[in-house]
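Quick notes on the structure that follows.
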Amino acid sequence: MVLENHGRVIDYDRIPMDDPVVFAMISEGRTEAVFQLESPGMTSFMKELRPESLEDIIAGLSLYRPGPMEQSPRYVAAKHDPAKIRYDHPMLEPILNATYGCLVYQEQVMQVVRDLAGFSMGQSDNVRRAMSKKKPAEMAKYKNLFIHGGVDEKNNPVDGAMARGVSLQVAEKIFEEVMAFAGYAFPKGHAAAYAVVAYQTAWLKIHYPVEFMAAMLNSYLGSLSQAAS
């Protein structure tokens with residue numbers, strides 16, 4: 001329809017991903033028919049969040065779920081007021097700066113145990129899995145490794161956070177926070193793919209509203225109740 005009406009072939013790999021008009025529309029809650037952002041709850045959250053980048057949409061999609069929603073108020077507050085961003089240790093800043101000091105993604109969980117305690121890539125994935133399945137015996141073992149170091153189940157050495165300059169109290173606090181959240185953490189790669197489609201549909205809606213809504217209504221042919229909603 002865009003080709004017929006405007007003579008333009010849309011190349012989705014080349015549309016600008018930083019269009020302020022698109023983010024303004026989402027921030028104002030005009031997200032009807034926008035992929036992943038159209039539910040009343042998500043629309044309300046986007047109005048609070050006021051996304052200004054694709055990174056914000058990725059985080060928003062990850063946070064608006066039962067477990068991570070506890071982080072949502074902190075994320076929104078820190079986004080709008082940088083003075084509220086806090087890190088329990090300076091080594092957390094490069095890991096959490098893109099999410100305003102909040103733990104949002106599985107990848108961040110894995111990077112925390114790697115950077116602060118010296119776990120390998122494979123070891124960090126084992127920790128993520130154990131946290132997700134909430135296995136107490138495994139978690140106690142990994143907590144000791146994270147804080148004090150030692151060797152893992154394959155006899156590979158782990159420095160431990162204290163050996164890397166993190167105090168016992170801070171190391172315990174970080175591990176407990178990571179453990180409490182890890183079972184709910186979302187893979188960023190998954191959320192990013194959803195966010196790209198959400199942005200693309202929002203871009204179409206704002207720049208080609210007639211064609212977009214016509215296509216949306218056509219997709220509901222035979223289901224008038226869905227079309228009406």
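The values are calculated or read from the model by the stated rules, or taken from the named source; none is laboratory data. Predicted, not measured: the structure shown is a model, and the values here were computed from it. Counting neighbours? That spans all protein chains shown, and the Cβs are built from the backbone with ideal geometry, glycine included. The area values use the complete protein model at the heavy-atom level, side chains included, leaving out ligands, DNA and RNA. Shrake-Rupley method; radii C 1.70, N 1.55, O 1.52, S 1.80 Å.
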Item to check | Mean Cβ count within 10 Å, highest first, over the residues of peptides 92-99, 123-130 | outcome: 123-130, 92-99
Item to check | the chain - convex hull of alpha carbons, volume per residue in Å³ | outcome: 147 Å³
Checklist entry - What is the distance, in nm, between label points placed 7 Å from the Cα along the Cα-to-Cβ direction at A137 and at H6? => result 6.1 nm
Next on the checklist: Restricting to lysines 8 or more places apart or on different chains, can you count the pairs in the chain with Cα atoms under 25 Å from each other?
Outcome noted: 27
Checklist entry - If ligands, DNA and RNA are left out, what is the accessible area of H148 with a 1.4 Å probe, given in Å² to the nearest 10? => result 110 Å²
Checklist outcome for this item: To the nearest Å², the heavy-atom accessible area per residue of the chain with 1.4 Å probe amounts to 52 Å²
Item to check | Tail beyond 19 Å, pair distance distribution of segment 107-229 (Cα, percent) | outcome: 59 percent
Item to check | Neighbour count of at most 16 Cβ within 10 Å plus DSSP loop: longest GluC sites (Glu not before Pro)-free window in the chain | outcome: 53-152
Item to check | Accessible-area ranking of R74, R50, largest first, probe 1.4 Å | outcome: R50, R74
Checklist entry - Tell me, what is the percent relative contact order of segment 8-167, built from C-alpha pairs under 8 Å that lie six or more residues apart? => result 13 percent
Next on the checklist: Using only the alpha carbons of segment 124-164, what is the convex hull's orientation-averaged projected area in square nanometres?
Outcome noted: 2.7 nm²
Item to check | Sites M17 and N155, calculated FRET efficiency, Cβ-Cβ separation with R0 45 Å, nearest 0.05 | outcome: 0.50
Checklist outcome for this item: With DSSP loop assignment and no more than 16 other C-beta atoms within 10 Å, the trypsin sites (Lys or Arg not before Pro) in segment 141-212 are K154
Checklist entry - Between Q169 and K84, what is the FRET efficiency for a Förster distance of 22 Å, r being their Cβ-Cβ separation, to the nearest 0.05? => result 0.50
